[in-house]
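Presented below is the structure to which this report refers.
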Amino acid sequence: MNSRAAFVFLASFWMLAMPAGIGSAQTAAKPKLSASAIQIALIEAGDIQIPAEFRFAVYERLVQRVRESGAFQKVYRSGDRAADAVPDLVTLHTKVEGFKEGSQTVRELTTVLGATKVDVTASVTARDGHVLVDHKITGRVRFFGENLAVTNDLAKRIAKLVREAF
Amino acid sequence: MVALFSYHARAGRKGFLVKLTTTLIVALSAATFAPAQTSTSSAPSPTAAANPNVRHVIGLETVKRNAIGKLTVHDSVLEFKAGTAGNKVPVSAIDAIFVGTETTQSGGTAGRVIKMAAPYESGKALTILMRTKVDILTVSFHDPDGAVHGAIFALPIGTAEPMRAQLVQAGAHSGAPEKLIQRQVQP
């Protein structure tokens with residue numbers, strides 16, 4: 001009877017301890033980075049033909065979203081001279097890899113066609129140029145809303161990535 | 001059997017009449033939107049003073065997104081005023097100006113609700129009737145600290161280019177912002 005009780009106790013202890021162990025292993029695998037300030041760089045288009053309003057809308061929404069995320073004490077815009085004095089400053093770079101402009105009218109008429117899509121590579125670098133985060137992200141507007149709404153979706157995804165990393 | 005057939009025929013006719021009436025109501029309500037749409041899109045004004053239907057898409061921190069207001073250039077300042085809120089950008093701080101075009105839906109939130117509520121998929125007809133083309137004016141400027149901002153405005157079609165010409169005439173830069181930023185960093 002005693003050995004049976006001990007077995008049940010050990011089994012239940014093992015079952016309870018196991019998920020906690022897995023959790024700690026996961027957190028150990030993904031340590032959070034730390035920085036007090038971030039600077040949002042202007043969107044690089046490279047050879048991709050993307051209208052200026054999309055680039056600036058992504059930039060503006062990124063500044064807003066990263067500020068709202070609360071991951072950093074200070075969020076600087078590109079070119080801000082005040083950022084030069086911050087020692088642990090990190091910079092968020094966004095490079096456009098692909099752009100497909102759809103049509104709001106086609107989207108609302110068909111519900112399956114006319115999507116607008118932007119593919120980007122979002123990377124966060126330290127002052128020395130060391131890459132801390134590097135991900136490919138896609139922003140989409142599929143059903144309702146104007147084409148520029150894709151910038152909101154993209155900024156939301158990038159801000160989430162930054163929030164999870166810091 | 002004949003009575004049953006005539007009942008079905010009557011019911012079918014009634015259904016058809018309901019559909020027809022609904023379609024007519026939707027078409028008439030859409031027609032009320034159409035004059036407003038054409039009045040803003042087909043009468044481009046050459047001066048900024050007569051340009052009150054400008055929508056602030058994003059970029060000005062003191063003005064709400066999608067606020068409708070008046071965009072003017074005066075005393076070397078680009079001013080956007082929407083009710084009590086407003087924002088002034090010195091023309092000398094403007095690094096680049098871009099003009100684009102976008103097809104969007106007029107009617108705002110009310111239009112969207114009507115489209116969704118319209119029966120028998122007639123909202124799709126409204127989608128076609130309510131589409132309108134707008135000019136997109138993107139103004140890249142820097143604040144006193146050198147931080148880059150990008151303000152985006154939706155203007156009635158044909159009015160963005162005169163506005164850009166006005167800004168350039170007032171002394172604004174119209175080149176690529178990246179080059180200008182490099183020039184600032186390495187004087």
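The values are calculated or read from the model by the stated rules, or taken from the named source; none is laboratory data. Since we're looking at a predicted model, the values are computed, not measured. Positions of Cβ are generated from backbone atoms using ideal geometry, with glycine treated the same way; all protein chains shown enter the neighbour counts.
Numerical summary
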{"quantity": "Residues (away from every other protein chain (no Cβ under 12 Å) and acidic (D, E)) located in the stretch A:49-73", "calculated": "A:E68"}
{"quantity": "Failed item, numbered, when B:L126 is tested on (1) more than 11 Å from chain A (Cβ to nearest Cβ); (2) of a type outside the set (D, E, K, R); (3) part of a helix (DSSP H, G or I); (4) surrounded by 14 or more Cβ atoms within 10 Å (Cβ to Cβ)", "calculated": "(1)"}
{"quantity": "Residue match in the stretch B:132-144 (condition: within 12 Å of chain A (Cβ to nearest Cβ), among the small types (G, A, S) and crowded, with 20+ Cβ neighbours inside 10 Å)", "calculated": "yes"}
{"quantity": "Unique residue being part of a loop (DSSP other than H, G, I, E, B) and over 17 Å from A:E53 (Cβ atoms) when the list is B:E79, B:E61", "calculated": "B:E61"}
{"quantity": "Unique residue being surrounded by fewer than 17 Cβ atoms within 10 Å (Cβ to Cβ), in contact with a strand residue (DSSP E or B) (Cβ under 9 Å, 6 or more places away or on another chain), assigned to a helix (DSSP H, G or I) and in the same structural domain as A:I158 (by TED's automatic domain parsing) when the list is A:A82, A:A57", "calculated": "A:A82"}
{"quantity": "Condition broken by A:T91, with the remaining ones in (1) surrounded by fewer than 21 Cβ atoms within 10 Å (Cβ to Cβ); (2) part of a loop (DSSP other than H, G, I, E, B) satisfied", "calculated": "(2)"}
{"quantity": "The stretch B:160-187 residues that are of a type in the set (V, I, T), paired with ones that are modelled with pLDDT of 55 or more (beta carbon under 6 Å, 6 or more apart)", "calculated": "B:V168/B:S174; B:I181/A:G79"}
{"quantity": "Looking only at the stretch A:64-79, and only at residues there that are assigned to a helix (DSSP H, G or I) and in contact (Cβ under 8 Å) with a residue 60 or more places away in the chain, the one that is nearest to B:V148 (Cα to Cα)", "calculated": "A:Q64"}
{"quantity": "Conditions (1) more than 11 Å from every other protein chain (Cβ to nearest Cβ); (2) polar (S, T, N, Q); (3) touching a residue at least 40 places away in the same chain (Cβ under 8 Å); (4) in contact with a strand residue (DSSP E or B) (Cβ under 7 Å, 6 or more places away or on another chain): number failed by B:T62", "calculated": "(3)"}
{"quantity": "Residue that is away from chain B (no Cβ under 14 Å) and buried (at least 18 other Cβ atoms within 10 Å of the Cβ), where the choices are A:G139, A:G129, A:G114, A:G145", "calculated": "A:G139"}
{"quantity": "Check on B:I94, among the aliphatic types (A, V, I, L, M), surrounded by 14 or more Cβ atoms within 10 Å (Cβ to Cβ) and either farther than 29 Å from A:R107 by Cβ or free of Cβ contacts under 8 Å to residues at least 24 places away in the same chain (or both)", "calculated": "yes"}
